[in-house]
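In what follows, a structure is listed as structure tokens, so that the remarks can point back to it.
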Amino acid sequence: NDEKLYCMGCGAQIQTEDKDKPGYVQASTLKKYLEDDGDEEKELFCKRCFRLRNYNEITDVDVSDDDFLKLLDSIADEDALVVNVVDIFDYEGSVIPGLQRFVGDKKILVVGNKVDLLPNSVNNNRLLNWLQQKSKENGIKSVDQIMVSAVKGTNVDKLMDMIEKYRDGKDVYVVGTTNTGKSTLINRIISARTDVKDLITTSRFPGTTLDQIDIPLDDGHNLIDTPGIIHRYQLAHFLNANDLKTVTPKKPLRPATFQLRDNQTIFVAGLARFDFLNERTNATFYVTQGLPLHRTKTANADEFYKKHLGDILTPPTDIKEFPEFKSQIFSAHEKSDIVIYGLGWLTIPAGTKVKAYVPDGVRVSIRNAII
Ligand code: GDP
């Protein structure tokens, strides 16, 4: 039987091969569905829509960047508000370059998620200004910005009010790269405002393989969850699942400050290395608590790394698969952060010069200090 089947919820083509891709059902479910041939009432939902209908819960699926860009393109023709979720722990790894270009002149509301990870001392207005400036640098003309924690529920009500205010009676598209916490946030919104019974899933773009979810708003419009786009430069892509857990912060970052004398080096586990090129300076590291930070003399650093990668300097645990370091020199003209996508950052004072080493393929950049 070659007839193609589609999910009743999202419209994705049914498949039994890859559980992380749209339209997945277990082979046994499909078999059962095909056997109950005489049943007029029968409905086939993919696993994701099934979970959404039965448990009120969204799970992640993988879609290609191409699909995502196609989706952004189709949003360009809709009259809608775009809500862009970014991860403030990994802003550079979660911003979508060219977002504004893709969505045309639509309003974009920028949501900085994971605010719970920042130390409590951080000033909220400063953060909002920082996010606004960052958006501008990335070509995003944000109508507004807000800091939330999807996990803790911080400011989620305020976000809903903001969405109501800016959507102007129109649809809302939620976009973001993977791992920004978009699913967690959407799940919060769903449980805050809908009854399981009310939740209808429909496909906006039949024929595409995009597995998106529409959450009905009060006036017949929808809040539409779009699939996450994958950022290739995140450290996450070079780590196994366990190591990824180790580097992902769960609690507020506890800053670790080092006073550095001439020719010292700091290793962040086996994942990054920083050579300090000034006679005297200091650096404050913002990475997951418990991740080892090792200081050595720069002269010994190569040897130290070779000897200890995978033991004191771990993660990574799989050192065979781990790419070689590549280095780049940064000079701070003002108080700045050196950011390693997905790992965190270190703050250095104006005038500091640092040689940063990260695995080949991971991106590292400099920005005005966030804190
Ligand atoms: P998605 O890929 O954007 O849908 O992201 P997920 O919702 O799957 O979340 C990715 C990771 O970030 C998971 O480990 C979540 O537990 C975590 N996460 C999501 N929201 C928050 C948050 O507000 N704070 C913290 N600390 N972690 C979060």
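Being of a type in the set (D, E, K, R), farther than 22 Å from residue 250 by Cα and free of Cβ contacts under 8 Å to residues at least 12 places away in the same chain narrows it down to one of 355, 320, 335, so name that one.
The match here is 320.
Look through region 310-363, keep the residues that are out of contact with any strand residue (DSSP E or B) (no Cβ under 8 Å at 6 or more places or on another chain) and closer than 24 Å to residue 259 by Cα, and return whichever of them is surrounded by the fewest Cβ atoms within 10 Å (Cβ to Cβ).
333
Could you check, for region 289-310, whether at least one of its residues is within 14 Å of the ligand (Cβ to nearest atom) and under 28 Å from residue 179 (Cβ atoms)?
Yes.
Only one of 312, 329, 319 is touching a Leu at 6+ places or on another chain (Cβ under 7 Å) and either assigned by TED's automatic domain parsing to the domain that holds residue 346 or of a type in the set (Ser, Thr, Tyr) (or both); which?
When all the criteria are applied, what remains is 319.
Let me confirm something: among 69, 34, 52, 5, which residue is surrounded by 15 or more Cβ atoms within 10 Å (Cβ to Cβ) and either modelled with pLDDT of 80 or more or in the same structural domain as residue 98 (by TED's automatic domain parsing) (or both)?
Selected residue: 5, the only one of 69, 34, 52, 5 that is surrounded by 15 or more Cβ atoms within 10 Å (Cβ to Cβ) and either modelled with pLDDT of 80 or more or in the same structural domain as residue 98 (by TED's automatic domain parsing) (or both).
How many residues, within region 141-176, are in contact (Cβ under 8 Å) with a residue 40 or more places away in the chain, within 21 Å of residue 226 (Cα to Cα) and within 16 Å of the ligand (Cβ to nearest atom)?
Matching residues across region 141-176 total 6.
Only one of these is surrounded by 12 or more Cβ atoms within 10 Å (Cβ to Cβ), polar (S, T, N, Q) and within 16 Å of the ligand (Cβ to nearest atom): 138, 113, 120. Name it.
Sole residue among the options that is surrounded by 12 or more Cβ atoms within 10 Å (Cβ to Cβ), polar (S, T, N, Q) and within 16 Å of the ligand (Cβ to nearest atom): 113.
Of all residues in region 320-340, which are in a loop (DSSP other than H, G, I, E, B) and within 21 Å of residue 134 (Cβ to Cβ)?
Residues satisfying the conditions are 332, 333, 334, 335.
Give the residues of region 341-371 that are among the aromatic types (Phe, Trp, Tyr) and in a loop (DSSP other than H, G, I, E, B), sorted by residue number.
341
Which members of region 159-187 meet the condition of being in a helix (DSSP H, G or I) and either modelled with pLDDT under 90 or not assigned by TED's automatic domain parsing to the domain that holds residue 95 (or both)?
Residues satisfying the conditions are 182, 183, 184, 186, 187.
Determine the pairs where a residue that is in contact (Cβ under 8 Å) with a residue 24 or more places away in the chain, located within region 298-309, has a partner that is surrounded by 13 or more Cβ atoms within 10 Å (Cβ to Cβ) and of a type in the set (Lys, Arg) with Cβ atoms under 8 Å apart, the partner being 6 or more residues away or on another chain.
Taking only residues 6 or more apart or on different chains, the pairs are 301/273; 305/273.
The values are calculated or read from the model by the stated rules, or taken from the named source; none is laboratory data. Since we're looking at a predicted model, the values are computed, not measured. For neighbour counting, all protein chains shown are included, and Cβ atoms are generated from backbone atoms with ideal geometry for every residue, glycine included.
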